[in-house]
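The values are calculated or read from the model by the stated rules, or taken from the named source; none is laboratory data. Everything numeric here is computed off the predicted structure, so don't read it as measured data. Here Cβ is always computed from backbone atoms with ideal geometry, including for glycine, and neighbour counts include all displayed protein chains. Side chains included, ligands, DNA and RNA excluded: accessible areas come from the protein's heavy atoms. Shrake-Rupley method; radii C 1.70, N 1.55, O 1.52, S 1.80 Å.
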Amino acid sequence: MKASIYNCNVIELPKIHNRAGNITPIASNKDIPFSIRRIYYLYDVPGGETRGGHAHYELHQLIIAASGSFDVVLDDGNNKKTVTLNRPNYGLYVTPGIWRDLINFSSGAVLLVLASNKYSEQDYIRDYAEFLNWRRNAG
Ligand code: TYD
């Protein structure tokens with residue numbers, strides 16, 4: 001069974017705070033439901049720009065607004081939902097098989113991604129019609 005958008009949840013991450021600032025530690029398979037094998041971040045996104053526009057066959061991801069805010073539009077081929085991220089101690093868990101668009105970046109936003117595997121172009125579905133076709137096939 002392929003995951004639906006309802007399997008993609010916002011996770012409240014640990015926050016160690018005092019008056020000198022906060023720390024959010026994230027441990028694989030403890031604070032998030034996968035092992036982290038790659039980290040990347042998006043920044044200097046021009047106003048009005050849209051990113052994402054793809055799905056992954058296998059990759060699990062946690063998306064965090066390390067700074068600023070943006071919206072993530074999730075789509076499983078049947079339903080869509082929009083999640084606003086704007087706090088560094090919350091992350092959106094995105095299961096494999098979900099199309100995502102990244103929109104409405106605030107100026108200075110930093111989108112941090114924790115990913116379950118190394119970069120592989122073969123794991124991307126970048127064509128929406130192909131995505132829908134894949135979602136509608138059994139398995
Ligand atoms: P992509 O994942 O399509 O970006 P976004 O979803 O943020 O719009 O990646 C954009 C380009 O960067 C693409 O040519 C592949 C490259 N890239 C890497 O080489 N390594 C990586 O870990 C990532 C995430 C992207």
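Quick notes
- Summed side-chain charge close to G53 - residues other than G53 whose Cβ falls under 12 Å, Lys, Arg +1, Asp, Glu -1: -1
- The value obtained for the chain, namely the Cα convex hull volume divided by the number of residues, is 112 Å³ per residue.
- Residue-normalised accessible area of the chain, expressed per residue, 1.4 Å probe, Å²: 57
- Mean separation of Cα contacts under 8 Å (6+ apart) over length of the chain, as relative contact order %: 34
- Rg/Rh (Cα only; Kirkwood hydrodynamic radius) as it applies to region 26-89: 0.95
- Surface composition of region 5-137: carbon plus sulfur atoms hold 46% of the accessible area, using a 1.4 angstrom probe and ignoring ligands, DNA and RNA.
- Dipole of the chain, positive direction: furthest Cα of I39, G97, N78, with charges on the beta-carbon: I39
- Theoretical ellipticity at 222 nm over the chain - DSSP helices of four or more residues, -39500 (n - 2.57) apiece, nearest 500: -2000 deg cm²/dmol
- A cut-off under 11 angstrom between Cβ atoms defines the neighbours of W99, and their net charge, with Lys, Arg +1 and Asp, Glu -1, is -1.
- The separation of region 1-49 from region 121-137, counted between C-alpha centres, amounts to 25 Å.
- As a rough guide to protection, the peptides 87-95, 116-124, 49-57 ranked by mean Cβ packing within 10 Å, highest first, stand as 87-95, 49-57, 116-124.
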